[in-house]
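Asks: Right, I'll just put the structure down here and ask away after.
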Amino acid sequence: MTRAEILSSIRMDRLAEDIWTLVNVPSPTGREQKAAQVYANLLRAAGAEVEPESGDPQHPCVFARLKGNRAGRPILLAGHLDHIDVAHAVPSRTASVVAGRGSADMKSGLAAIVEILRLLNAASRDFPGEVLVAAYGMHEAPVGDSSTLTQLIRRGIAADAAIVMESDYSCRDKAVVAGAGQAIWNVTLRRAEAACHELNRSPEADNLLECALRVASSLRAHDRSLRESTAGRGLLRPESLFIGQMHYGDFYNRAPETCTMQGTRRWHPGRSFDSVQKEIGDLLSALPAFPGVTVQSALRLTGDAYEVNPDESIVQAVRLAWQTVTGTSMPLAGTSVVTDANRLVGLGNIPTVLIGFDNEFAHADRESVRLERLLTPCRVALLTVLSYLESQEARG
Ligand SMILES: [Zn+2]
């Protein structure tokens, strides 16, 4: 089969049927077992060998492989099985749209993996090396912490390159080679005395509000300085410290006991989570003391920053595939959205690219995917896999 023949044999009706099958098995984060079984069965029916589960049975990871008919290198296709745990109408479909929780994020990408394997298997597995598949849950925050993927990476994934089969919508036509790091920060201010009527408060009680205003303005100043010092550097937006929530008080005439603040800190490659933790600790300890008030901070890592060399074969393969399929060039880009590439590259040291499958309505009240928009990424992914594996064979 020529490449043109194999590309033209992608069948959207089969893809739609697999998305429909997957969307009808709910998989909110942390409860992915049933979806994992169903997905493993789809992969087996497509011709892949599915490995027995070797991780945490509560949070399964489906790992499968399709071997080519000759020696070569392995490539990984990866995606998450879970979807956000937000109520959605029962799944529905028309000739052109599949709607349901998880349809856009990211069961269409998972279904594309099945279609790709099915085609490669039907075409006598005429490729070098092997295609590995990993599908896991525990991805979507706040329940998800990427622990299933992290454990898989720690056990070792023998892949030379990876494609994560989702991308943020703004990067659907770009080759993402840099990802910002992100952590959620929490600051808690607490005064020694319990909350009380405003008229009964001690003179020190107002220090809580003074301290809160000072912490907020110091964080704002830090955000400005980060933006100025990192603007125009590389492909990413400037680094930032964003304040998303501040909670002071609980009643109009009570002097409160605590004030909590929360937000994000996003950073560029070259900076680590540890250094960001230290930076926020230093910032807070440099503030003047407010008698009777303690200040505590805690950061939770969402994903560390990463970079992939644009000369990596997998980046060249996806750009060439995009050019071939669409006739337009695929510019390099960075993303501020944390994806599984943050872990595959940072922790697994596996060069990784993203291919998006119409996730404009990810997490939306009505989550849906337009089938006509899936053909291009499906072609691009299939061609990227073949180009990558053949480029590695040529290299010997
Ligand atoms: Zn997703």
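Asks: Does Ser329 count as hydroxyl-bearing (Ser, Thr, Tyr), farther than 23 Å from Glu115 by Cβ and free of Cβ contacts under 8 Å to residues at least 12 places away in the same chain?
Replies: It is true that Ser329 is hydroxyl-bearing (Ser, Thr, Tyr), farther than 23 Å from Glu115 by Cβ and free of Cβ contacts under 8 Å to residues at least 12 places away in the same chain.
Asks: Counting only residues that are touching a Leu at 6+ places or on another chain (Cβ under 9 Å) and more than 13 Å from the ligand (Cβ to nearest atom), which one in the range 348-360 is nearest to Tyr169 (Cα to Cα)?
Replies: Thr352
Asks: Please pick out the residue among Ala135, Ala162, Ala141 that is assigned to a strand (DSSP E or B), within 16 Å of the ligand (Cβ to nearest atom), over 25 Å from Leu332 (Cβ atoms) and in contact (Cβ under 8 Å) with a residue 60 or more places away in the chain.
Replies: Of the residues listed, the single one that is assigned to a strand (DSSP E or B), within 16 Å of the ligand (Cβ to nearest atom), over 25 Å from Leu332 (Cβ atoms) and in contact (Cβ under 8 Å) with a residue 60 or more places away in the chain is Ala135.
Asks: Residues Ala289, Ala321, Ala317, Ala305: which one is crowded, with 22+ Cβ neighbours inside 10 Å, away from the ligand (no atom under 16 Å from the Cβ) and over 26 Å from Arg233 (Cα atoms)?
Replies: Ala321
Asks: Filter the range 71-128 for residues that are of a type in the set (D, E, K, R) and open to solvent by 10 Å² or more (accessible area, probe 1.4 Å); which is farthest from the ligand (Cβ to nearest atom)?
Replies: Asp126
Asks: Within the group Leu119, Leu77, which residue is at negative phi and not in a strand (DSSP E or B)?
Replies: Leu119
Asks: In the set Ser240, Ser229, which member is open to solvent by 60 Å² or more (accessible area, probe 1.4 Å) and of a type in the set (Ser, Thr, Tyr)?
Replies: Of the residues listed, the single one that is open to solvent by 60 Å² or more (accessible area, probe 1.4 Å) and of a type in the set (Ser, Thr, Tyr) is Ser229.
Asks: Which numbered condition in (1) within 19 Å of the chain's Cα centre (by Cα); (2) without any contact (Cβ under 8 Å) to a residue 60 or more places away in the chain; (3) surrounded by fewer than 21 Cβ atoms within 10 Å (Cβ to Cβ) is the only one that Gly346 fails?
Replies: Looking at each condition in turn, Gly346 falls short on (3).
Asks: Hey, among the residues in the range 141-162 that are open to solvent by less than 20 Å² (accessible area, probe 1.4 Å) and modelled with pLDDT under 95, which one's nearest to Arg44 (Cα to Cα)?
Replies: Ser146
Asks: Now, a different point. Across the range 366-396, what is the number of residues that are open to solvent by 50 Å² or more (accessible area, probe 1.4 Å) and assigned to a loop (DSSP other than H, G, I, E, B)?
Replies: Count: 2.
The values are calculated or read from the model by the stated rules, or taken from the named source; none is laboratory data. It should be emphasised that the depicted structure is a prediction, and the values quoted were computed from it without experimental measurement. All Cβ positions, even for glycine, are placed from backbone atoms using ideal geometry, and neighbour counts span all protein chains on display. Surface accessibility is based on the protein's heavy atoms, side chains included, excluding ligands, DNA and RNA. Shrake-Rupley method; radii C 1.70, N 1.55, O 1.52, S 1.80 Å.
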